[in-house]
Every structure is written in structure tokens, then in C-alpha cells.
1. Working carefully through the options Ala111, Ala135, Ala103, find the one that is under 20 Å from the mean Cα position of the chain (by Cα), part of a helix (DSSP H, G or I) and closer than 30 Å to Arg38 by Cβ.
2. Does any residue of the range 104-124 turn out to be at pLDDT 85 or above, in contact with a helix residue (DSSP H, G or I) (Cβ under 9 Å, 6 or more places away or on another chain) and charged (D, E, K, R)?
3. Just to be sure I understand the filter: pairs with C-beta atoms under 6 Å, separated by 6 or more residues or on different chains, first member in the range 95-114 and charged (D, E, K, R), second member surrounded by fewer than 19 Cβ atoms within 10 Å (Cβ to Cβ) and modelled with pLDDT under 75. Which pairs pass?
4. Among the numbered criteria (1) under 26 Å from Leu139 (Cα atoms); (2) at pLDDT 90 or above, which one does Leu26 miss?
5. Quick one: would you say Leu150 is closer than 23 Å to Leu136 by Cα and within 30 Å of the chain's Cα centre (by Cα)?
6. Surrounded by 15 or more Cβ atoms within 10 Å (Cβ to Cβ), free of Cβ contacts under 8 Å to residues at least 60 places away in the same chain, under 29 Å from Trp17 (Cα atoms) and not polar (S, T, N, Q): which single residue out of Ile144, Ile121, Ile133 fits that description?
7. May I ask you to verify whether Met91 is in the same structural domain as Ile13 (by TED's automatic domain parsing), at pLDDT 80 or above and outside any loop (DSSP other than H, G, I, E, B)?
8. Among the numbered criteria (1) over 30 Å from Arg20 (Cβ atoms); (2) surrounded by 14 or more Cβ atoms within 10 Å (Cβ to Cβ); (3) modelled with pLDDT of 80 or more, which single criterion is violated by Val246?
Amino acid sequence: MPSCPDKSLHSSILGRWDPRFRLIALILLAFSFSAVTRFYAVILMLLITGCFWALSGLPLSYLKQRLKYPSMLVLMLVLMLLFSGGETLLMKMGFITITTEGAEAAFLVAARFYSILSLAIALFAVAPLMVHINALRALGLPAIMVDMALLMVRYLEVIKQDMHAMNISMRLRGFRGGSWSLTTIRVNSWLVGSLLLRSYERSERIYQAMRLRGYGWTDNPPTGLSLKVVDSSVFLLVVVVAISLVWMG
């Protein structure tokens, strides 16, 4: 989940929107985007995504950085669809054949992917993680699921640091993992197993510490979130837009 890159973004137009409405709007728009199949509906979908991004106040460089690795996955899907079978010939270069149906399918998948992911980045990045955790609690998600998500996000960075330290330790002992070999696979398997074991032991200690501090005995509802007329009106507008996209698509 992307974190807020700048504290000033929390005061942007999208950042001032109630986080509960932001989460529900993301789900509604994601489902409506996935139902889009017609070209003019795709154009409208891209315009909606652009409007949300403009309201977030985020720079385009931030979006480019976040889309860097997911783009590798969508590129493979686009290439598979682009050269897939079809009846209407669009272009032929030697043994490479591109059909109109394949090009349309590739464009549709890429447009949906970038629209949904860009929208998610815009809605999540305008506020800190704890704001969204509090919003999930306010929406009625079980407390244990919210706490598990928070702990997972928190300790992924700890596991990354452990792995970095173990890699340095192995290199200092003469291990060179640049080439693929049976020894490299075996050592990396030991590394992963050790990380899993250490993570399990750490989770046991964390759970015991939380229980000693009273975790599980009280389940107080989150506070600090109140509904506003403007937020509700904007949410109703988003609902209308999502339903219109499904109808048009």
C-alpha cells in the first residue's frame, strides 16, 4: 500500500475526502472499470482516472515510479493478447501477425489495468496508512483482520532488513550467488527457510507481548471520523458515475 509521499497531500481535495468513502469508491470504480468493453467507455474511464489523479495533487513522477514493476506484468499480457488469434488481419510482418481483435483486447486490458492501479495509488497515497486502517475499522471489518493487515505491512520491512543482513553475512563468509547452481539453490533455500522460521518466532513473541498488554480484551470502535454532507454528495456522484460506466460498457 503506498504511503503518503508528502504531508501536504493530506490537505489536497482528494485527501480531505472521508477515507471510508475513498475505500468504497475505489471498490465501486474498480468493478465498473472491469466491466468496460466499448471504446468510448474506455475513454471516459481514462478521463475519470485523470481527474482523480489531478485532485490527489500527486506528481506524475510518483505514478511512474509506482507503475514501473507492475508494467512488466501487463506488458507480457498485452503481448500475448496482441499476437493471439483473430479473424480480421490488421498487420503482418513476416511470421508476425496482428489481428484487430487481438489489438482491441490488448488495448482494453492495458487501459483497465493502468486505470484501476492509478486510481488505487491516488486514493491510498493521499493519506497515511493508519488513516486507512482506522477507516477499515469504521466500515466494520473485523478487528483481527485489520490488525493482521497492519502487522503484515509493518513487518514486511523488518523481513526485508533481515534478508539484507543475512545476504551480507553470507557474502562475508565467501558465498557468491551470482550464478545458478545446485549450491546456490540450496543456500538460498536455507536462507528462505531461516527467514520463515525467524518470522514465525517473532510473530509468537509479538502475540505474547500484545496479550500481556491486554490485546483481545477490549474492542473499542475507532473515533475521529464523522460524516459530512460534502463527502456524502461526492460519494453519491461517484456511485452515479460507476453505474453509468457499467451501463455504457
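The values are calculated or read from the model by the stated rules, or taken from the named source; none is laboratory data. What you are looking at is a predicted structure, and each value in this text was computed from that prediction instead of being measured. All Cβ positions, glycine included, derive from the backbone under ideal geometry; neighbour counts span all protein chains shown.
1. The conditions single out Ala111.
2. Within the range 104-124, one or more residues are at pLDDT 85 or above, in contact with a helix residue (DSSP H, G or I) (Cβ under 9 Å, 6 or more places away or on another chain) and charged (D, E, K, R).
3. As it stands, the answer is Glu101/Gly86, since those pairs meet every condition given.
4. For Leu26, the failing item is (2).
5. Details: closer than 23 Å to Leu136 by Cα: yes; within 30 Å of the chain's Cα centre (by Cα): yes.
Judged against the criteria, Leu150 is a match.
6. Ile133
7. Details: in the same structural domain as Ile13 (by TED's automatic domain parsing): yes; at pLDDT 80 or above: no; outside any loop (DSSP other than H, G, I, E, B): yes.
No: the conditions fail for Met91.
8. Of (1) over 30 Å from Arg20 (Cβ atoms); (2) surrounded by 14 or more Cβ atoms within 10 Å (Cβ to Cβ); (3) modelled with pLDDT of 80 or more, only one is false for Val246: (1).
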